[in-house]
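Take a look at the structure below.
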Amino acid sequence: QVRLVESGGGLAQPGGSLRLSCVASGDINRLGVMGWYRQTPGNKREVVATTAPDGTTNYADFVKGRFTVSRVSAKNTVHLQMDSLKPEDTATYYCYLQRAVVDGAWRYDHWGQGTQVTVSA
């Protein structure tokens, strides 16, 4: 089993910062792409940022220049540094792991439980 545990959500003022963290645990190795999605009520989950094992990163246009995704492979951890936050960044943020070897076999599409980010004055 793969477990993704997020932390770091909360309330921030417009222009402020938050840092999200996600740790993947379990009998896992060879983790693939990790990243963050977000979702607001009534809307589809959308990708925010991803990072591949080779360090390649990708960002949604609406966060470019404001958010930074990073991973610490040795700790099965991915972070999302969110700066210059806007009220429209308010959402539930989900950690995502594309694939990993779990108990000797590839397993795909793992999600965390989500952490709420609220940006408001």
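Read-outs: derived from the displayed coordinates by stated rules, not from any lab. The structure displayed is predicted, hence computed values, not measured ones. Backbone-built Cβ (ideal geometry, glycine too); neighbour counts: all protein chains shown.
Restricting attention to the range 50-105, which residues are of a type in the set (A, V, I, L, M, F, W, C) and not in a strand (DSSP E or B)?
A52, A60, F62, V63, A74, L85
Out of curiosity, is S120 among the polar types (S, T, N, Q), under 24 Å from A12 (Cα atoms) and either crowded, with 16+ Cβ neighbours inside 10 Å or touching a helix residue (DSSP H, G or I) at 6+ places or on another chain (Cβ under 7 Å) (or both)?
When the stated conditions are applied, S120 passes them.
Can you pull out the residues in the range 37-49 that are closer than 13 Å to W111 by Cβ and outside any loop (DSSP other than H, G, I, E, B)?
Within the range 37-49, Y37, R38, Q39, V47 meet the criteria.
Within the range 55-78, does at least one residue satisfy the condition of being crowded, with 18+ Cβ neighbours inside 10 Å and of a type in the set (D, E, K, R)?
For the range 55-78, residues crowded, with 18+ Cβ neighbours inside 10 Å and of a type in the set (D, E, K, R): present.
Count, please, the residues in the range 11-36 that happen to be touching a residue at least 60 places away in the same chain (Cβ under 8 Å), assigned to a strand (DSSP E or B) and either touching a helix residue (DSSP H, G or I) at 6+ places or on another chain (Cβ under 7 Å) or surrounded by 13 or more Cβ atoms within 10 Å (Cβ to Cβ) (or both).
So the answer is 10.
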